[in-house]
Amino acid sequence: MCDDRECCACFGPYSRFACGFCIGLAIVAAVAVIAVLVAGYGHAAQPRFEVEDASLSRFELATSSPSTALSYNLTLTLAVRNPNWAMAAAFRSLEVDYLFDGQRFDRVAVVTGDGYPLPARKTAVFRVSSGADGAPVMLGSAGVKAFRRQSDSGVFDVEAALSGQVKYQLHSSWCRLEARCPLKLNLAGKDGGAVVFQKTKCEVLRSSQGGC
Ligand SMILES: *[C@@H]1O[C@H](CO)[C@@H](O)[C@H](O)[C@H]1NC(C)=O
């Protein structure tokens, strides 16, 4: 049998142990919560870009020495993914520059106006249609030669260069974003066959900004 005094005596050290155990557990839990928050909200992973589809229905070069100009119609389906599992991202701007032989011939806005919010783990798909009649492009003789060669083969190397500004949830600064998508574009309607576009992942350039 255990009278009051005995119970207190055997309960005392146990209670201290339980108390210490609880405090220890609370510290471990707090550290775990902080680690999760830091992992989820501390470092932001940059968005991923992929060109899912592209169609080129016109691509013509006009040369009237010394200037060159391109007439084109191009539609892209661009997928933008926020790979962060906790942090939403907001785009203030997103633009695509089109380059042939390293020279820009157009710039098209993908995100305009009030910006575009992209929740964590979500993908947004944009259809970007553009065209121009005689957009000036600074092609030298090497560029003109490359155009003629690619025109004969029916496949053009066009680079889509993405640039924009993004801010991540709980972060205060806008991060500049740059990505390059090297596209192989078949000129549609030349031989009437269906033109298959190979999905192209874009290379996201590393940011030199702190915290981005
Ligand atoms: C091609 O681009 C031109 C020039 O911007 C535009 O006027 C025309 O509507 C476009 N054609 C198609 C089929 O989108």
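Throughout, read-outs are computed from the coordinates displayed, never taken from laboratory work. These numbers were taken from a predicted model, which means no experiment stands behind them. Counting neighbours? That spans all protein chains shown, and the Cβs are built from the backbone with ideal geometry, glycine included.
Overview of values
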item: Inter-label distance, nm, simple model (7 Å from Cα along the C-beta direction), residue 58/residue 208; result: 4.0
item: FRET efficiency, 1/(1 + (r/R0)^6) with R0 22 Å, evaluated for residue 125 and residue 38 via beta carbons; result: 0.10
item: Length gained when the stretch residue 15-residue 178 is fully extended (0.36 nm per residue, less Cα-Cα span); result: 52.7 nm
item: Ratio Rg/Rh [Cα only; Rh per Kirkwood] for the stretch 155-212; result: 1.20
item: Contact order normalised by residue count of the chain, Cα under 8 Å, 6+ apart, percent; result: 23
item: FRET efficiency, 1/(1 + (r/R0)^6) with R0 25 Å, evaluated for residue 108 and residue 67 via beta carbons; result: 0.70
item: GNM result for the chain, Cα springs below 10 Å: residue of 63, 123, 77 fluctuating most strongly; result: 63
item: Choice from 202, 19, 181 with maximal GNM fluctuation in the chain (Cα, 10 Å cutoff); result: 19
item: Ellipsoid semi-axes in whole angstrom, largest first, where each is sqrt(5λ) of the Cα gyration tensor of the stretch 92-212; result: 32, 17, 13
item: Quotient of C-alpha Rg and 2.2 N^0.38 Å, computed over the chain; result: 1.69
item: Student exercise, the stretch 118-212 dipole from Lys, Arg, Asp, Glu Cβ charges, in Debye to nearest 20; result: 360
item: Degrees, to the nearest 10: 4-37 long Cα axis against longest axis of the chain; result: 10
